[in-house]
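Everything on this sheet refers to the single structure shown next.
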Amino acid sequence: MSKDWQEVSGGITAPKGFKAAGIAAGLKPSGAPDLTLIYSDTEAIGAGVFTTSQVRAACVDYCRQILEAKPSIRAILCNAGQANAATGEQGLQDTLTSAQWLSKALNIPAEAILLASTGVIGRRINMAALEAGIPKVVAALSDQGGDQAARSILTTDLVPKSIALETIIDQRPVRIGGISKGSGMIHPNMATMLAFITCDAAVSTSLWQQMLSRATDKSFNQITVDGDTSTNDCLIALANGQSRTPAITEMGPAAEKLEGMLTEVCQHLARAVARDGEGATCLIEVQVSGAHDDPAARQVAKTIAGSSLVKSAVFGRDPNWGRIAAAAGRAGVPFNQDALRIKLGDILLMENGQPLPFDRQAASDYLKQAAAGAYLKEDTVLICVSLGDGSGSGIAWGCDLSYDYVKINAEYTT
């Protein structure tokens, strides 16, 4: 991790002036926590990145409209259990009603509230459970509620995903905290299933949105589990200025440091989503260099990370580098195949477009050890690809494709 910041405890509530809560409101049949509230004690600016799918949840369109008006944001409410996507006019009305109920409970304007939903597509929110749960989640708000919030947004996830970082800007501590959820239907064309970020820096609305969009391109837009983009994808970030640092309104040293820390938070959460992919046994990190620019390198990296053949080979502990080369070739990025170089961990498999002799057993053992978490600290399979001598580089993250992925999704609603 960069020397410019350090990890701190607290997750989404680590930045000053933020509270959170997560409760079981009866939205999920399992009785697990399913209602999350994130709250800023003072007015905050908001930024967001959302799914580009033509089939969207009502909350996605609602949040877009709210943020376009650039109001002060005070709260984010998230329900788990029902996606409220493809639910027509009634689904939109349920969204508006949800905001009105929370507005009354918090005594804040409805336009100061952002909403998110996750769960089964085509199912409306259980409004009776939500109405009863809102006063309870408001009462549970705490500056120690980050862990509960991280758990109550989950669906098929196996583990909660949370982080908080701190840096020094103008001799004052500044913090960014974040939580995310996602395990299946992960191939974002914006962000991930759901992610929420809080920050106590003072920053202009337009610059905060620009920072979030750039951070997204280097993080959530570079993960893939199964090639499917969700109807509910959203990444929302709030900044309330409670660190009392001077306002950041344009790029410069302070803005660069803040954006760097924001990107680190996003990348940590994105990697956690990919590692928690449904049925996964390991994280795959693909590093691409030598492309003509960074977007081209990121495109090749994500194509390789998302290849079903590459993912299956990793699960089978088969060092079949031909699948890596083939995925790179179909990524839509021109390069000279005679310059292609591929490494699996420390094992060089191809150079100057030519296959090299290598120890297949050692390569297979590398995949086995990574999957068992024994070879690398973060049980990561590292694939490095060079396309030539260009200056572009990029990273993508994915996971292996196991039998369990099919089982989980074959039985998702049954």
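The values are calculated or read from the model by the stated rules, or taken from the named source; none is laboratory data. Keep in mind the model is a prediction, meaning the values are calculated, not measured. Here Cβ is always computed from backbone atoms with ideal geometry, including for glycine, and neighbour counts include all displayed protein chains.
Points worth noting:
- Within segment 7-19, residues that are buried (at least 20 other Cβ atoms within 10 Å of the Cβ) sit with their Cβ atoms under 6 Å from residues that are outside any strand (DSSP E or B) and β-branched (Val, Ile, Thr), at 6+ positions apart or across chains, in these pairs: ALA14/VAL8.
- Filter result for the condition that a residue is within 15 Å of ASN79 (Cβ to Cβ) and touching a Cys at 6+ places or on another chain (Cβ under 6 Å), over ILE153, ILE121, ILE134: ILE153
- Checked against the criterion of being among the polar types (S, T, N, Q), within 25 Å of SER53 (Cβ to Cβ) and over 19 Å from the mean Cα position of the chain (by Cα), the candidates THR118, THR95, THR156 yield just one match: THR95.
- Residue check, GLY353 in contact with a strand residue (DSSP E or B) (Cβ under 6 Å, 6 or more places away or on another chain) and at positive phi: no
- If the condition is being of a type in the set (Gly, Ala, Ser), in contact with a strand residue (DSSP E or B) (Cβ under 9 Å, 6 or more places away or on another chain) and assigned to a loop (DSSP other than H, G, I, E, B), then segment 220-256 contributes SER230, GLY241, SER243, ALA247.
- Condition met for ILE168 (free of Cβ contacts under 8 Å to residues at least 40 places away in the same chain, part of a loop (DSSP other than H, G, I, E, B) and more than 29 Å from THR229 (Cβ to Cβ)): no
- Meets criteria (within 16 Å of ALA116 (Cα to Cα), at pLDDT below 95 and in the same structural domain as LYS136 (by TED's automatic domain parsing)) for ALA86: yes
- Highlighted here are the helices (runs of 4 or more DSSP H) found entirely within segment 297-414 that include at least 2 residues which are of a type in the set (D, E, K, R), closer than 20 Å to ASP226 by Cβ and at pLDDT below 95: 403-410.
- Across segment 71-106, the number of residues qualifying as under 21 Å from THR198 (Cβ atoms) and not small (Gly, Ala, Ser) comes to 9.
- Scanning segment 76-113 for residues that are polar (S, T, N, Q) and either touching a His at 6+ places or on another chain (Cβ under 9 Å) or assigned to a helix (DSSP H, G or I) (or both) gives GLN90, GLN93, THR95, THR97, SER98, GLN100, SER103.
- Positions within segment 273-296 being crowded, with 24+ Cβ neighbours inside 10 Å and in a helix (DSSP H, G or I), in sequence order: VAL273, ALA274, ARG275
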